[in-house]
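Data first, discussion second: the structure below is written as structure tokens.
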Amino acid sequence: MTEVAHRLDGVDLHALAGQVGTPCYVYSATAIRERVQGLQTALQGLDPRICYAVKANSNRAILQLMAEQGVGADIVSAGELRRALRAGIPAERIVFSGVGKTADEIAEALGAGVWRFNIESLDELQTMQRVAAGRGAIARASVRINPDVDAGTHAKISTGKSENKFGVSIEEARGWFADSANYPNVRLDGLHAHIGSQILRLEPFQLALQRVAAFARELTEHGHALACIDVGGGLGVRYRQDQDRPLTAGEYAAMLRETFSGYAGTLILEPGRYLVAEAGLLLTRVIRVKPGQQRDFLIVDAAMNDLQRPALYDAWHEILPLHGRAAESVAYDVVGPVCETGDTFAVQRRMPTCRAGDLIAIAGAGAYGAAMASTYNSRPLAAEVMLDGGRYAVVRQRQDFDAMIADERPAQEWLTA
């Protein structure tokens, strides 16, 4: 938060929480625009195309904001395709990634006219040929390379090592290009690499993309023209204010210029977290403080179903009491109401003394927060709110109980299969 502790994007968070309730996600439209525009400026002269990774935060208001900034979409499902299109992102700016595209999803994406696919396996290539031929269409595609580079990030968000499920080896990709005549309805004219998420060092990017660039030169020498090279995403953000030193857009762009200095085609970038994480907060209230024999527990009304990252990845988020009182610093375990020991946002986190009713902001929650939420423990999904220059709009209503169970039915109509 760059403003006074109780305000974000000109909106008073105490007043907002009083009107919308907690827990709720809030996103700064101004911060997102600034991050997008900063990246666009740094990339000038590279023939770039930014395709936002929808999985980071798929709220349609976020996607509409991306569309207004001229940003495309990197999708991994038919559902994300539909979200992007309905938000106003044109199909010709959409890239379809993911290891598990079904034939139906490929057909839907072809029908919508998506720009291109990132292919991750031989079976997918064969399926795409079959589906495209059946529709009399040409699928434009890039081969996802697994460069076998350790990004130095959490094991569960690493995607660029040979042991990971993503992409194929350069050797296998070489064979695909050599056999491309056998796939007349798939135009293989691009390369793709994405080695992981929340990367804070330049070296893993350099190593992986140097391998991609060398392979691109080899393909060009053998007559395989490449219309584009997709460098994926992965740019890290500052979760720990006192430790994380993310790469700047300028540093990253300079590396791309050097690595692809002889390449004249389009460079595709697929940032997700980088564009939205630091623009978002999860607002929550203290339910009670529970003294324990070994530690004190700060019990809040948000839980692991609202924000899974700490339980799933041991992820760190800054936790900021917004009460504004001068108070002694105390170490708390910050926990939610869900009946899991893993429902813990922080362990022995020092912060000003809190009491029941205090408003707290969990920072860096704009990515992989609401998008990964569930209704575990029959807890309704939290509201989502967009802030923009002193005003706000509720962009997803808080789910009520009836909506949560609307698709459930008693076992009355029995069928056989």
Sort Met372, Met128 so that the residue with the fewest other Cβ atoms within 10 Å of its own Cβ comes first and the one with the most comes last.
Met372, Met128
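Provide Lys101, Lys290, Lys55 in ascending order of the number of other Cβ atoms located within 10 Å of each residue's Cβ, fewest first. Mind dumping the intermediate values first?
Details: Lys101 23, Lys290 13, Lys55 19.
In order of increasing Cβ crowding within 10 Å: Lys290, Lys55, Lys101.
Applying 1/(1 + (r/R0)^6) with R0 = 51 Å to the Cβ-Cβ distance of Leu207 and Ser329, what FRET efficiency is obtained, to the nearest 0.05?
Details: r = 42 Å, r/R0 = 0.82.
According to the calculation, E is roughly 0.75.
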Find how many whole Å separate the alpha carbon centroid of the stretch 312-375 from the alpha carbon centroid of the stretch 38-65.
29 Å
Can you compute 3J(HN,Hα) from phi for each residue in the stretch 138-147, using the Karplus curve 6.51 cos²θ - 1.76 cosθ + 1.60 with θ = phi - 60°, rounded to whole Hz and x for Gly and Pro?
10, 8, 7, 9, 10, 8, 7, 8, 9, x
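Can you divide the C-alpha Rg of the stretch 1-87 by 2.2 N^0.38 Å and report the result to two decimal places? Show your work: numbers first, answer last.
Values: Rg = 15.3 Å, N = 87, 2.2 N^0.38 = 12.0 Å.
That works out to 1.28 for the stretch 1-87.
Give me the tail of P(r) for the chain as a percent: Cα-Cα pairs with distance above 28 Å. Numbers along the way, then the final one.
Working: 44940 of 86736 pairs.
The calculated P(r) of the chain puts 52 percent of pairs beyond 28 Å.
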Please list, ordered by chain and number, the residues whose modelled amide H lies under 5 Å from the amide H of Asp74; skip anything fewer than 5 residues away on the same chain.
Tyr52, Ala53, Val54, Val95
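Can you bin the stretch 278-398 into rounded, prolate or oblate? Criterion: square roots of the alpha carbon gyration tensor eigenvalues sorted a ≥ b ≥ c, rounded for a/c under 1.5, prolate for a/b above b/c, oblate for the rest. Can you show the working numbers first?
Values: a/c = 1.81, a/b = 1.27, b/c = 1.42.
Here the stretch 278-398 falls in the oblate category.
Restricting to DSSP H runs of at least four residues, report the calculated mean residue ellipticity at 222 nm for the chain, -39500 (n - 2.57) per run over all residues, nearest 500 deg cm²/dmol. Kindly include the intermediate steps, with their values, before the conclusion.
Details: 12 runs with 117 residues, N = 417.
Calculated from helices alone, the mean residue ellipticity at 222 nm is -8000 deg cm²/dmol.
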Find which of Leu219, Val36, Ala371 sits farthest along the positive direction of the dipole of the chain, computed with +1 on the beta-carbon of Lys and Arg, -1 on that of Asp and Glu, about the Cα centre.
Val36
Would you mind checking the tilt of helix 202-221 against the longest principal axis of the Cα atoms of the chain, expressed as 0 to 90 degrees and rounded to 10?
20 degrees
Tilt of helix 249-259 relative to the longest C-alpha principal axis of the chain, in degrees (0 to 90, nearest 10)?
20 degrees
Nearest 10 degrees, 0 to 90: helix 122-135 Cα axis against the chain principal axis:
80 degrees
Rel. contact order, % - alpha carbon contacts under 8 angstrom, at least six apart, the stretch 98-269:
20 percent
Spin-label pair Thr266/Ile287, simplified geometry with 7 Å Cα→Cβ offset, distance in nm:
4.9 nm
Whole-Hz couplings from phi, Karplus 6.51/-1.76/1.60, listed for the stretch 168-176; x for Gly and Pro:
10, 5, 4, 4, 5, 4, 4, x, 4
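So, R0 is 41 Å and r is the distance between the beta-carbons of Glu92 and Gln294; what FRET efficiency does that work out to, to 0.05?
Working: r = 58 Å, r/R0 = 1.42.
Between Glu92 and Gln294 the formula returns 0.10.
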Table column - 3J(HN,Hα) (Hz), the stretch 355-369, Karplus curve with 6.51, -1.76, 1.60, x for Gly and Pro:
9, 3, x, 5, 8, 10, 10, 9, 7, x, 9, x, 10, 6, x
Non-local residues with an amide H under 5 Å from the amide H of Asp230, with H modelled 1.01 Å from N and Pro and chain starts lacking one, are Leu191, His192, Ala193, Ile268
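Provide Val338, Val330 in ascending order of the number of other Cβ atoms located within 10 Å of each residue's Cβ, fewest first.
Numbers: Val338 18, Val330 14.
Neighbour counts put them in this order, fewest first: Val330, Val338.
Can you tell me, using C-alpha contacts under 8 Å and at least 6 residues apart, the relative contact order of the chain as a whole percent?
Values: 891 pairs, mean separation 80.6, N = 417.
Taking the mean separation of contacting Cα pairs over the length of the chain, I get 19 percent.
Read the figures in this text as sums done on the coordinates, not as results from a lab. Small disclaimer: the values here were computed from a predicted structure and weren't measured. Cβ: placed from backbone, ideal geometry, glycine included. Neighbour counts: every protein chain shown.
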